[in-house]
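J.: Following this message is one structure expressed as structure tokens.
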Amino acid sequence: MSLLKKFFGQRDPLVQMRQFYAQQNWAAAFTAAKNIDSASISAEDQDEVTVVERQSGDNLAKLNLAEGEGEILNGNMLRARDHFQLAQEQARSPELVERVKETMASLEKKLSSTALSESGSSAPSSCGNSCGVTHETTLPPGVDNLDEETRFELLLATLPAELAERYASSGDTFRKAWLATHDDDTQQALSLFDLVPEDERDALFYCERGALKARSQDHRGAHNDLQNALEVEPELFPAFDAMVVMLAGAGRLKELEGLLRGTIEEGRFKGFCWSHLAQLLMQRGDEDAALEAGSRALATGEGVSLETVVLCSKLLEQRQRFDEAEALLSQLPIAGCGGGAHPLLAEFWLRRGQNLDRALESFKGALRQEQENPRWPLRIAQVYLARGWKSEAAEQLDRLMTRGGLPEEIISEIRETSERLRNS
């Protein structure tokens with residue numbers, strides 16, 4: 001069986017959607033649900049897909065609403081509009097659709113009557129960061145002046161529904177400690193956690209306190225708390241995620257590898273664990289084992305990081321297995337990004353001299369999202385050169401060479417591209 005078939009051959013889209021949904025990976029579940037052909041499934045399955053798309057989309061929309069409102073408080077009106085536009089694409093329930101519509105209308109009214117400064121017009125630094133729920137919740141910027149209950153509600157909006165319910169029903173002291181962790185007030189948070197009554201110290205308590213201790217470099221205390229959390233609730237993924245981050249950050253790589261392999265044997269978080277194992281093996285220089293681990297992660301269809309997709313596609317490309325590398329990069333989500341193809345796929349096409357028109361549109365879309373990132377005008381110049389549009393390529397390169405503070409790797413690429421232009 002080819003590796004391509006191993007990755008994708010037996011992956012039922014409904015099964016994949018359910019896995020993403022069970023993992024509370026709302027961005028992936030939302031994309032998977034939208035891409036399922038309703039004509040190919042039963043009426044019962046159609047109802048399930050509708051529910052998944054609605055709930056996942058609403059969770060993403062709530063996150064972008066919260067982040068957009070935070071940007072308004074911080075004075076970044078155009079960044080807020082980017083978030084609200086994403087929320088418009090994601091919201092599904094009528095109440096939330098109406099709320100997003102009203103919020104956008106209010107913002108547009110402000111924009112039409114306000115002279116925006118240059119500092120407020122930059123786009124978000126990534127076309128993916130605001131499109132999904134991360135394992136560590138954060139408050140939007142600029143909310144220090146909001147009351148405690150509002151700040152708590154904003155945090156809850158970033159959580160999966162089931163987990164949000166558990167936090168909402170927690171005790172008052174735990175809630176205050178949790179808020180303090182997101183205010184970066186470590187000592188206050190630790191003091192409050194110590195005041196949580198013994199009978200309220202459940203898995204969530206040990207998870208949050210352990211993650212906080214890990215960020216404070218108290219690795220022993222973090223390990224004890226996170227281990228307690230996982231003993232009480234082995235399926236509590238945020239606790240496991242925090243344990244992995246802690247061990248990696250402390251350089252305890254042998255211990256981390258043992259944890260990952262042991263958890264795989266137990267049948268928990270297999271995609272996530274294989275994904276991290278692939279990264280570990282790659283750091284060790286064992287490329288074949290890294291590709292095998294990465295392929296196992298991808299075959300699970302769950303918990304796989306973008307880094308693992310990039311790692312596997314890179315290793316496949318190095319082995320001249322170009323069709324498989326392209327198929328893998330084609331799986332990357334493009335929701336929220338302009339151009340119709342993920343920029344990593346576009347860069348693959350550029351290296352191969354293929355689909356240059358589509359690659360160009362992807363890079364232009366990325367540039368709209370990251371206007372200050374020199375990578376995208378450089379890629380645009382390289383497409384122009386590949387198409388034989390020398391004057392356009394030269395113009396792009398000239399603009400780049402007048403910019404200061406460029407990373408050395410970008411400068412090196414600019415020089416190499418300029419040399420190819422002169423010799424063409």
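Just so you know, all these numbers are worked out from the coordinates, no wet-lab data involved. This is a predicted model, so every value here is computed, not measured. Cβ sites come from the backbone with ideal geometry, for glycine too, and all protein chains shown count toward neighbours.
J.: Identify the trypsin sites (Lys or Arg not before Pro) of the stretch 288-396 meeting these criteria: DSSP loop state and at most 16 other C-beta atoms within 10 Å of the C-beta.
T.: ARG319
J.: With the cut-off at 30 Å, tell me which of the pairs LYS34/LYS62; LYS34/LYS314; LYS34/LYS176; LYS62/LYS314; LYS62/LYS176 have Cα atoms farther apart than that.
T.: On the way: LYS34/LYS62 18 Å; LYS34/LYS314 28 Å; LYS34/LYS176 38 Å; LYS62/LYS314 35 Å; LYS62/LYS176 22 Å.
Among LYS34/LYS62; LYS34/LYS314; LYS34/LYS176; LYS62/LYS314; LYS62/LYS176, the Cα-Cα distance tops 30 Å for LYS34/LYS176; LYS62/LYS314.
J.: List the GluC sites (Glu not before Pro) within the stretch 204-275 that DSSP assigns to loop and that have no more than 13 neighbouring Cβ atoms inside 10 Å.
T.: Details: sites: GLU208, GLU231, GLU235, GLU255, GLU257, GLU265, GLU266; in loops: GLU235.
Taking the stretch 204-275 and a limit of 13 other Cβ atoms within 10 Å, the loop GluC sites (Glu not before Pro) found are GLU235.
J.: Follow-up question, since we're still on this one. To the nearest 0.05, how large is the calculated FRET efficiency for ASN224 and SER424 if R₀ is 45 Å and r is the Cβ-Cβ distance?
T.: Numbers: r = 62 Å, r/R0 = 1.39.
It comes to 0.10.
J.: Within the stretch 193-265, report the trypsin sites (Lys or Arg not before Pro) that DSSP leaves as loop and that have at most 10 other Cβ atoms within 10 Å.
T.: Loop-located and lightly packed - none at all.
J.: With 22 Å as the cut-off, how large is the P(r) tail for the stretch 293-424, expressed as percent of Cα-Cα pairs?
T.: Values: 3639 of 8646 pairs.
So the pairs more than 22 Å apart make up 42 percent of the total in the stretch 293-424.
J.: Here's another thing I want to ask about it. Assuming R0 = 22 Å, what is the FRET efficiency of MET401 and GLU372, from their Cβ-Cβ distance, to the nearest 0.05?
T.: FRET efficiency, MET401 to GLU372: 0.85.
J.: Check cross-link reach from LYS101 to the aspartates and glutamates: straight Cα distance under 20 Å, and skip same-chain residues fewer than eight apart.
T.: Correct list for LYS101: GLU53, ASP58, GLU67, GLU69, GLU71, ASP82, GLU89.
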